[in-house]
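Computed from the coordinates by the stated procedures, all read-outs in this text should not be read as laboratory data. The structure displayed is predicted, hence computed values, not measured ones. Cβ placement follows ideal geometry from the backbone for every residue including glycine, while neighbour counts extend to all protein chains displayed.
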């Protein structure tokens, strides 16, 4: 190749891929689509009282490009809390889901579970759960829809078998409200979660941090969590599974995506 030809190629490369935009894309990483919009490839259901991978009642299904959680095949909810686990575990990442609540709650679903779902992060593996276990030991980013009347925050924190620290102190309440506004009706809501290993977790809505805490850890008051800490050799949580909940109210997800972050 002549010197002129090489210069011409370099010119076109520079024109097509400006340095700033290329570096910016590399710095920010790329969004990985955990939900492909077609099927549940890569996902594993675990529904209470049922064996791992038994998608009882077709609770989790894909229709019209949406990941739907529904109870049309249930006679009653019967406390059959379910979780749909992604096959891989993660430690440092940004996650984004787009969700909406639809329809009516399943018969005999608990009152607190009205328009209620969640994203579980830093979770245990589904094969570690007992058959009758209701929730995986994890950090829950609680997703709530408004009832059309009252204020009800979303992207809250719940801690099944876990604790966190806030303002440098161990924080033990099971559920904690965020500072978000209320989202009534079947509108789509975009929730982001930034997870930095054992350092910090942030809940983000509309570009604003609505809840932040540090040092997620296993709760030694919970027998199963204490057992997991013994196996791991530490109670501190630096990574784990991701799962989506079924808690008796129909919910749709149209996007579930994740961006790996530098662990530094």
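Could you tell me the extents of segment 27-100's C-alpha atoms along the three principal axes, largest first, rounded to whole Å?
Here the spans come out as 50, 27, 20 Å, largest first.
Spin-label point model (7 Å from Cα, Cβ direction): what's the residue 187 to residue 88 distance in nm?
It works out to 3.4 nm between the two label points.
Please express the Cα-Cα pair-distance distribution P(r) of segment 160-199 as a list of whole percents, one per 10 Å bin, running from 0 to the bin with the greatest distance.
In order of increasing distance, the bins hold 18, 43, 30, 9 percent.
In a Gaussian network model over the chain where Cα atoms closer than 10 Å are linked, find which of 91, 246, 150 has the largest mean-square fluctuation.
150
Most exposed first by the Cβ proxy, i.e. fewest other Cβ within 10 Å, how do 171, 135, 35 rank? Walk me through the intermediate numbers first.
Numbers: 171 16, 135 21, 35 24.
By the 10 Å Cβ count, ascending, the order reads 171, 135, 35.
Under 10 Å, Cα contacts only: if you run a Gaussian network model on the chain, which one of 212, 63, 140 comes out with the highest mean-square fluctuation?
Highest fluctuation among the options: 63.
At 0.36 nm per residue, and after removing the present C-alpha to C-alpha distance, how many nm does the segment from residue 30 to residue 49 gain when stretched out fully?
Contour length minus the Cα-Cα distance gives 3.1 nm.
If the label point is 7 Å along Cα→Cβ of residue 214, which residues in segment 220-264 have backbone nitrogen under 19 Å from it?
235-239, 263-264
Order these by the 10 Å Cβ neighbour count, fewest first: 193, 242, 32. Could you put the intermediate results ahead of the total?
Working: 193 21, 242 27, 32 14.
Least to most surrounded, the residues fall as 32, 193, 242.
Let me check against my output: what whole-number percent is the relative contact order of the chain, with C-alpha pairs under 8 Å and at least 6 apart?
Values: 619 pairs, mean separation 73.1, N = 264.
Relative contact order here is 28 percent.
Between 0 and 90 degrees, rounded to the nearest ten: what's the tilt of helix 19-28 against the longest Cα principal axis of the chain?
Rounded to the nearest ten degrees, it is 20.
For residue 79 and residue 223, compute 0.36 nm times the residue count separating them, minus their Cα-Cα distance, and round to one decimal in nm.
Numbers: separation 144, 0.36 × 144 = 51.84 nm, distance 2.09 nm.
Length gained between residue 79 and residue 223: 49.7 nm.
Using Cα atoms only, what is the angle between the long axis of helix 223-232 and the major principal axis of the chain, expressed in degrees (0 to 90) to the nearest 10?
30
So what's the back-of-envelope 222 nm ellipticity for the chain, counting only DSSP H runs of four-plus at -39500 (n - 2.57) apiece and dividing by all residues, rounded to 500? Don't jump to the answer; show the numbers that get you there.
Values: 3 runs with 34 residues, N = 264.
Using -39500 (n - 2.57) per qualifying helix, the result is -4000 deg cm²/dmol.
So if each residue of separation counts as 0.36 nm, and I subtract the Cα-Cα distance between residue 132 and residue 260, what length gain in nm does that give? Walk me through the intermediate numbers first.
Values: separation 128, 0.36 × 128 = 46.08 nm, distance 3.29 nm.
Length gained between residue 132 and residue 260: 42.8 nm.
By how many degrees, 0 to 90 and rounded to 10, does the Cα axis of helix 3-16 deviate from the longest principal axis of the chain?
30
Which order results if 175, 106 are arranged by neighbouring Cβ count within 10 Å, fewest first? Let's see the in-between values first.
Numbers: 175 11, 106 23.
Listed from fewest to most nearby Cβ atoms, that is 175, 106.
Once you have the Kirkwood Rh of the chain from its Cα pairs, apply Stokes-Einstein at 25 °C and 0.890 mPa s and quote D in µm²/s. Can you show the working numbers first?
On the way: Rh = 19.7 Å.
So the translational diffusion coefficient is about 125 µm²/s.
Once you wrap a convex hull around the alpha carbon atoms of segment 166-234, what is its projected area averaged over all directions, in nm²?
On the way: hull surface 25.4 nm².
With the hull built on Cα positions only, its mean projection is 6.3 nm².
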